[in-house]
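These notes are about the structure you will find just below.
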Amino acid sequence: MKTSRNLRYFVASVFLTSILAACSTVNTPQNAPAQHVLETESCDNEECTYTWTLVSRLGNAIDYIEERIGERNKEYTILGVELVIDSSRPKVWYPRHDSGERYVIVQIPSENSHDECVASYQLAHEAMHLIDPGPGTASYFEEGLAEYFASQLLEDWFEHDDNCLNKLQSLRYQPGVNEEYANALDMVERLLQLHPDAFSRIRSLREQGVTLDEISERHLSQLFPNISAALVTAFRW
């Protein structure tokens, strides 16, 4: 673990990258694939463009989700993205620090370090878990939201990349591969059909202090009176 001073510098650099990624249409990252998901081209004038990296995509993903279901819990400081050599699944990790401060890192399998499409999809899913972070298993409802937003973000980021969009279905957790994630996504899509304003309702609930993992069947029944008891129950793990 780095010293607190170096850590603050690193955190500042991560968020500076995210801010630059979102600044203006002139400096918006382009979809030209980088050689490596953490590499980008240098830019020393106002007219050049920035290529996407996982760091800039992370900032964009958080902004996208916050606009829909409210601001993230800022008790946790997001340190950035790591590529992990001994893991086949993405995840969020909560490193310990002597100061007692709360940190969270998104970990992406290094096997996808040169596959921008797959790595970006995994990153977008994990970005959802940065909204109300904390150790433990995410709720079934949160996993459904994560899959939904990941799909939406991938279609936005790669709208001109047919190869990536054609890969979308294989990137989503499909029945027979990880059926609970596919089912959770289906539940969210059914919920949105019945309540197109579902995200604003979730946002209002979170503004009352209810975190995503605290949203219960009772909350769902109260928030969404048009959904059946069977659909509410389906959001259980």
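Points worth noting:
- Criterion violated by E207 - all others in (1) among the acidic types (D, E); (2) closer than 28 Å to S170 by Cα; (3) in contact (Cβ under 8 Å) with a residue 60 or more places away in the chain satisfied: (2)
- Taken together, the criteria exclude S139 from residues that are hydroxyl-bearing (S, T, Y), surrounded by 16 or more Cβ atoms within 10 Å (Cβ to Cβ), closer than 30 Å to V84 by Cα and touching a strand residue (DSSP E or B) at 6+ places or on another chain (Cβ under 8 Å).
- Filtered residues of segment 123-133 (kept if touching a helix residue (DSSP H, G or I) at 6+ places or on another chain (Cβ under 7 Å) and touching a residue at least 40 places away in the same chain (Cβ under 8 Å)): L123, A124, A127, M128, L130, I131, D132
- Remark: pairs (first residue in segment 210-228, part of a helix (DSSP H, G or I); second residue aliphatic (A, V, I, L, M); Cβ separation under 7 Å; 6+ apart in sequence or on different chains) = L212/I131; D213/A138; E217/V232; H219/L205; H219/V210; L220/V232; S221/V232; L223/L205.
- Of the residues V104, V118, V84, the single one that is surrounded by 15 or more Cβ atoms within 10 Å (Cβ to Cβ) and within 24 Å of D162 (Cα to Cα) is V118.
- Positions within segment 67-90 being modelled with pLDDT under 95 and on the phi > 0 side of the Ramachandran plot, in sequence order: G80
- Condition met for Y64 (without any contact (Cβ under 8 Å) to a residue 60 or more places away in the chain, in a helix (DSSP H, G or I) and of a type in the set (F, W, Y)): no
- So T137, is it under 25 Å from F199 (Cβ atoms), of a type in the set (V, I, T) and more than 13 Å from the chain's Cα centre (by Cα): yes
- Enumeration of residues in segment 183-204 that are out of contact with any helix residue (DSSP H, G or I) (no Cβ under 6 Å at 6 or more places or on another chain) and of a type outside the set (D, E, K, R): N183, Q193, L194, H195, P196, S200, S204
- Sub-7 Å Cβ pairs linking a first residue in segment 138-160 that is without any contact (Cβ under 8 Å) to a residue 40 or more places away in the chain to a second residue that is charged (D, E, K, R) and not in a helix (DSSP H, G or I), at least 6 apart or interchain, are S151/R172, ordered by first then second residue.
- Only residues that are part of a loop (DSSP other than H, G, I, E, B) and modelled with pLDDT under 90 were counted in segment 91-114, giving 8.
- In segment 115-134, the residues that are within 11 Å of the chain's Cα centre (by Cα) and assigned to a helix (DSSP H, G or I): S120, Y121, Q122, L123, A124, H125, E126, A127, M128
- Looking across segment 159-207, the residues that are modelled with pLDDT under 80 and in a loop (DSSP other than H, G, I, E, B) come down to R172, Y173, Q174, P175, G176, V177, N178.
The values are calculated or read from the model by the stated rules, or taken from the named source; none is laboratory data. Nothing here was measured: the structure is a model prediction, and the numbers come from that model. Glycine also receives a Cβ, built like all others from the backbone with ideal geometry; neighbour counts cover every protein chain displayed.
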